[in-house]
1. Among (1) assigned to a loop (DSSP other than H, G, I, E, B); (2) free of Cβ contacts under 8 Å to residues at least 24 places away in the same chain, where does Ala38 come up short?
2. Output the number of the condition that Tyr164 fails; it satisfies all remaining conditions of (1) loosely packed, with under 13 Cβ neighbours inside 10 Å; (2) more than 23 Å from the chain's Cα centre (by Cα); (3) hydroxyl-bearing (Ser, Thr, Tyr).
3. What are the pairs, 6+ residues apart or on separate chains, where a residue within segment 70-88 that is within 27 Å of Gly45 (Cα to Cα) has its Cβ under 8 Å from a residue that is among the small types (Gly, Ala, Ser)?
4. So how many residues does segment 2-26 have that are open to solvent by less than 70 Å² (accessible area, probe 1.4 Å) and either at pLDDT 90 or above or not charged (D, E, K, R) (or both)?
5. Quick one: is Ile184 assigned to a helix (DSSP H, G or I) and open to solvent by 50 Å² or more (accessible area, probe 1.4 Å)?
6. Quick one: Arg113 ticks every box in (1) over 21 Å from the mean Cα position of the chain (by Cα); (2) within 27 Å of Ala24 (Cβ to Cβ) except a single one, so which number is it?
7. Determine, yes or no, whether Gly29 is open to solvent by less than 60 Å² (accessible area, probe 1.4 Å) and either in contact with a Leu (Cβ under 9 Å, 6 or more places away or on another chain) or over 30 Å from Pro180 (Cα atoms) (or both).
Amino acid sequence: LVVTLVLASLVIFLAMNVLPGDPAAVLLGINASPEALAALRAEMGLDRPLPVQFLSFLGGALTGDLGISATYDVPVTTLIAERAAVSVPLAALAVALSVGTALPLGLLAAERRGRWPDRIVSAFAQVGLSIPNAWLALMLIFLFAIWWRIAPAGGFPGWAAGPYPALVALAMPAIALAAPQAAILTRIVRASVVEAA
């Protein structure tokens, strides 16, 4: 994992330096003076040799310092933490839904192999694999937010609003993410149990 991360970061670093364009010129605009460009390059460390820049980045990454965002002018770790406060619970909820759905359905299909419960579960799995996540998300918004009005159409209220509103806001995206994974896991569980029996 560590070797893969280092190699991936090296490839991205080299690609960003091979591509034409100057980050300082992009940030300051085309009318920036040469002195201002040189000062920003020095501030960003772009005036140092490429190996030194890369090693400096790796050293910062190992200590949790990913630098300052050029767009937002705040530490990158702060931006990641803000996004992770929503992304991590969303991923955990999606995994819980997919596993919690796949295990009982896969076991039911394996136990009733060749009968109507197996056919219904197999049809569910096929539909789950066939429906694109984006389309499913739109249908969930249409049903739960517009038609039945029991969930918000979009936006995350934040954890400060309380766990219930936050989880309600995460429910539809979690279902959209979980459906295809649940379908795959259902088929895997069924096949594994049938093979073991």
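1. Among (1) assigned to a loop (DSSP other than H, G, I, E, B); (2) free of Cβ contacts under 8 Å to residues at least 24 places away in the same chain, the lone unmet condition for Ala38 is (1).
2. Of (1) loosely packed, with under 13 Cβ neighbours inside 10 Å; (2) more than 23 Å from the chain's Cα centre (by Cα); (3) hydroxyl-bearing (Ser, Thr, Tyr), only one is false for Tyr164: (2).
3. The qualifying pairs are Pro75/Gly67; Pro75/Ser69; Val76/Gly67; Val76/Ser69; Thr77/Gly64; Leu79/Ser69.
4. Step one: of segment 2-26, the residues open to solvent by less than 70 Å² (accessible area, probe 1.4 Å) are 6, 8-10, 13, 15, 17, 21-25.
Subset that is either at pLDDT 90 or above or not charged (D, E, K, R) (or both): 6, 8-10, 13, 15, 17, 21, 23-25.
Number satisfying all stated conditions: 11.
5. Values: assigned to a helix (DSSP H, G or I): yes; open to solvent by 50 Å² or more (accessible area, probe 1.4 Å): yes.
For Ile184, the condition - assigned to a helix (DSSP H, G or I) and open to solvent by 50 Å² or more (accessible area, probe 1.4 Å) - is met.
6. Of (1) over 21 Å from the mean Cα position of the chain (by Cα); (2) within 27 Å of Ala24 (Cβ to Cβ), only one is false for Arg113: (2).
7. Details: open to solvent by less than 60 Å² (accessible area, probe 1.4 Å): yes; either in contact with a Leu (Cβ under 9 Å, 6 or more places away or on another chain) or over 30 Å from Pro180 (Cα atoms) (or both): yes.
So Gly29 passes the test.
The values are calculated or read from the model by the stated rules, or taken from the named source; none is laboratory data. Please read these numbers as outputs of a predicted model, since none were measured by experiment. As a convention, Cβ positions derive from the backbone with ideal geometry for all residues, glycine included, and neighbour counts pool all protein chains shown. With ligands, DNA and RNA removed, areas are computed over all heavy atoms of the protein, side chains included. Shrake-Rupley method; radii C 1.70, N 1.55, O 1.52, S 1.80 Å.
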